[in-house]
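Working notes, structure below.
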Amino acid sequence: MPATPTTDPLQRERDHLAASRAALRAMREDVQSLDLRDVTGTWVSAVILQNQIEARIAALADLADTPLFFGRLDYLHAISEELSEGGTRGAARSASSKGGGGRRVGENFYIGRRHVHDADGDPMVIDWRAPVSQPFYRASRTEPMDVERRRRFGYTGGELTAYEDEHLTDPAELDTASALLAAEIEKPRVGPMRDIVATIQPEQDEIVRSDVTGTICVQGAPGTGKTAVGLHRVAYLLYAHRERLARTGTLVIGPNTAFLSYIEQVLPALGELDVAQATVQQLVAHVEVKGEDDPEAARLKGDARMAEVLRRAVRAGITLPTEPCVVVRGSRRWRVPAYELVEIIEELKARDVRYGAARDALPQRIAHAVLLKMEQGGEAPDDRVQDAVARNSAVKTVVKECWPAVDPAKLVLRLLSEPEFLAECAEGVLTPEEQQAVLWPKPGRSVKTARWTQADAVLVDEATDLVQRTPSLGHVVLDEAQDLSPMQYRAVGRRCTTGSATVLGDLAQGTTPWATASWPDALHHLGKPEAHVEELTKGFRVPEEVIAYASRLLPAIAPGLAPATSVRDTPGSLTIRRITEWEEAVLEACREALAHEGSTGLIAADARIPLLAAALTAAGLPHLTPGTETSADSRLTLVPASLAKGLEYDYVVLDEPAAVIAGEPDERTGLRRLYVALTRAVSGLTVLHAEPLPEQLR
């Protein structure tokens, strides 16, 4: 006898959740049961197919503490959409297609992190990236987008515990803030960064769903979710343009490995497992970095003018021949006069091609000139003859002498070690004083033993690209972009010359001597001057009291930026304490923070980290380093101020702001570093200071 349908709305939703989880398990089991033994083809195709199946199995994993769906849309009318994962099935109604009271309404759809269908192929959960899901993020009372009701679900662990409805077409219903939405945003943070797929706001959704062909730059104040927006944009693009991006690849670039560790679980939670992550330093790791530049040398090496210096250096070895090239074949000699060789070389120099490509073309061009003479002499040579002539020792000699091979690392080694060579290449580009600042204090003897710096490695990458074109990816996400130098922007831009990019950053958080002053300048160096700039100023993470306090620094560090606002009014979220016994005060503040749920970050000037680490250990307070995943038993992270950017903690204890400022080469950079540290808290910030606070915060 069939079970009687329940009349309890919450139980019906729980039943749909249970049925959806069962359907997802069935989908996974179907893939696991595939038998490849009878599949014809080569062993290569079999391996590729097996890898695809394993990736599919991983993508269908049901994470017990992650909600399978977080919302539901009840449309006013039946709609016709391509809803399946591959976009090939027609519309299908959800399991509960009646509104309250039994009134038949338009189709209802559950919105979740991935597509789930039943045994008949009808969708039970719709991927949040599908077109039919878009109104969940953008529908409003003024523009309901044919949605009668938007339902949000609340979860405890993996169990559905609550729901709330917005009737977007009911004029009598009050327009109130969503309690479940606020609870999801404010949920304590333990472990790595979470996705925000359930809480994406309309202005964020517009960026997420921007077209793949365009580059977009997001200027985002602290707490506006710009990093999450960039990651969700990758997930959306992989959904909408999977075949294209599967061929060309996607890459997320972060400021440091701690930041990449923090965000690394976001895309896998959304079912995307094949997105590479790297820092700029990892992208340009052609040489081993052993040294460190002073700020002025680093700034000059990161200046865009160095691109012209390197271009000249790469081509410095090209010389024009003064003797003919004589090719002997059998009993005949074929002579290419010097003036013809000069014309060939001058033409290649004038063309906008890589040095290495032109060098590869030179022997073929000389061989072609020889073939023309053979034809004039009555012979009928073909392509095989031309290739043979190109390999002739006389031709190779001309190429070696006139267009010598270039090793990029050896070239930069010479440029930074030999004042005369640098002066030759930098004439009219760098002043003599700037040339002196760029030169190594102690010349390097070899590529392996030289004390390369991070800025040097970027120069080697530029030289490498001048010799041989860098492969381009389909899409690149560049986070914390405000800290890149022009030469670093060029290095990233080389990785997306034929693709697009999502550039994320905050000019107020620029903490390097070469930090960008404006996004148009940065986008020019990136090679994407046509990119559209979006500004996010509404914060969802940092409490209003905290962001208002930190924003007092903006007139000094970024006078052109509008102060951020926050949707979260959390009285008591900011505490400022003048202290005398710093060690006791820090330990007490950490214990107070740890009494709350969630993670705690103790942020301090880099120079004070060893003292604080010793104090925490002596007091029996276990602590982690940035990039190490927090857990229920270890929720305190000791964070150098230089690594705080991009990270977030439920509660932050900020040790001695004056020391944070003093740890930077100038006051403006120090105030920017302090601004970053002040804006890492999600629920509460405690500022401890024995020395006077900067005048902007008094």
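Placing one equal scatterer on every Cα of the range 268-421 and applying the Debye formula, the log10 ratio I(q)/I(0) at q = 0.11, 0.14, 0.15 Å⁻¹ is -0.63, -0.81, -0.87.
A straight Cα-to-Cα reach below 28 Å connects Lys448 with the lysines Lys290, Lys301, Lys400, Lys410, residues fewer than 8 places away in its own chain not being considered. Rolling a 1.4 Å probe over the protein heavy atoms of the range 239-347, with every protein chain left in place, gives an accessible area that is 46 percent carbon and sulfur.
For Tyr155, nonlocal amide neighbours, meaning residues 5 or more places apart or on other chains whose placed amide H falls under 5 Å from its own, are Thr161. Note on the range 425-580: semi-axes of the ellipsoid equivalent to its C-alpha gyration tensor, largest first and rounded to whole Å, are 37, 22, 15. D by Stokes-Einstein for the range 246-303, Kirkwood Rh over Cα pairs, 20 °C, 1.002 mPa s: 156 µm²/s. Considering the options Ala662, Ala618, Ala556, tell which one lies farthest towards the positive end of the dipole of the range 554-698, charges being +1 on Lys and Arg and -1 on Asp and Glu at the Cβ, about the Cα centre. Of the candidates, Ala556 comes out farthest on the positive side.
Overall dimensions of the chain, expressed as equivalent-ellipsoid semi-axes from the Cα gyration tensor (√(5λ), whole Å, largest first), are 53, 38, 21.
As a fraction of the 1.4 Å probe accessible area of the range 121-197, surface on carbon and sulfur atoms comes out at 54 percent. Mean separation of Cα pairs under 8 Å and 6 or more residues apart, divided by the residue count, gives the range 289-388 a relative contact order of 18 percent.
Per 0.36 nm of contour for each residue apart, how much would the distance between Ser331 and Arg14 grow if the chain were fully extended, relative to their Cα-Cα spacing?
Extra length available between Ser331 and Arg14 comes to 105.0 nm.
Relative to one another, the C-alpha centroids of the range 280-326 and the range 543-609 are positioned 43 Å apart. Rg over Rh for the range 341-423 works out to 1.11, using Cα positions for both radii and the Kirkwood form for Rh. Once C-alpha pairs closer than 8 Å and six or more residues apart are averaged by separation and normalised to the residue number of the chain, the relative contact order reads 13 percent. Remark: C-alpha extents of the range 267-330 on the principal axes read 68, 42, 23 Å, sorted largest to smallest.
Rank-order 165-172, 376-383 by packing density, defined as the average count of other C-beta atoms within 10 Å over each peptide's residues, highest first.
Put in order of decreasing packing, that is 165-172, 376-383.
Per atom type, the range 426-479 shows carbon and sulfur on 54% of its accessible surface, probed at 1.4 Å. Taking Cβ atoms as reference points and 14 Å as the exclusive limit, the residues near Arg490 contribute a net charge of +1, counting Lys and Arg as +1 and Asp and Glu as -1. Taking every Cα-Cα distance in the range 512-621 and sorting them into 5 Å bins from zero, the calculated P(r) comes out as 2, 8, 12, 15, 15, 14, 13, 9, 6, 4, 1, 0 percent.
So, in nm, how far is label Arg311 from label Ser634 when the simple model puts each one 7 Å beyond its Cα toward the Cβ? The modelled label-to-label distance comes out at 5.1 nm. Summarising the amide proton neighbourhood of Val477: residues at separation of 5 or more, or on other chains, whose placed amide H is nearer than 5 Å comprise Leu251, Val252, Ile253, Thr502. Plainly put, the range 553-698 has a radius of gyration that is 0.95 times its Kirkwood radius, both from alpha-carbon atoms, as the Rg/Rh ratio. Taking the convex hull of the alpha carbon positions in the range 436-483 and averaging its projected area over all directions gives 5.5 nm².
Which net charge results when you count Lys and Arg as +1 and Asp and Glu as -1 among the other residues whose beta-carbon is under 10 Å from that of Ala235?
The answer is 0.
At the listed q of 0.17, 0.28, 0.29 Å⁻¹, the Debye profile of the range 162-216, built from one uniform point per Cα, gives log10 I(q)/I(0) equal to -0.79, -1.18, -1.21. Each 10 Å bin from zero up to the one holding the largest Cα-Cα distance in the range 176-320 carries the following percent of pairs: 8, 29, 29, 20, 10, 3, 1, 0.
Looking at the P(r) of the range 402-497, how many percent of alpha-carbon pairs lie beyond 18 Å? Every Cα pair in the range 402-497 considered, those over 18 Å come to 55 percent. Working from Cα pairs under 8 Å separated by at least six residues, relative contact order for the range 511-569 is 36 percent.
Scanning residues 5 or more positions from Arg114 or on other chains, those with amide H under 5 Å from its amide H are Trp128, with H placed 1.01 Å from N in the peptide plane. In order along the range 384-391, the Karplus-derived 3J(HN,Hα) couplings, from 6.51 cos²θ - 1.76 cosθ + 1.60 at θ = phi - 60°, round to 5, 5, 4, 5, 5, 5, 4, 8 Hz, and Gly and Pro are given as x. A simple count of charges around Leu688, restricted to other residues whose Cβ falls under 9 Å of its Cβ and scoring Lys, Arg +1 and Asp, Glu -1, yields 0. For the chain, the solvent-accessible area works out to 45 Å² per residue, with a probe of 1.4 Å and every protein chain left in place. Above 18 Å, the calculated P(r) of the range 570-629 contains 38 percent of its Cα-Cα pairs.
The values are calculated or read from the model by the stated rules, or taken from the named source; none is laboratory data. The shown structure was predicted, so the numbers you read here are calculated from the model rather than taken from an experiment. A quick note on method: Cβ atoms are made from the backbone with ideal geometry, for glycine too, and the neighbour counts reach across all protein chains shown. These area figures cover heavy atoms from the full protein model, side chains too; ligands, DNA and RNA do not enter into them. Shrake-Rupley method; radii C 1.70, N 1.55, O 1.52, S 1.80 Å.
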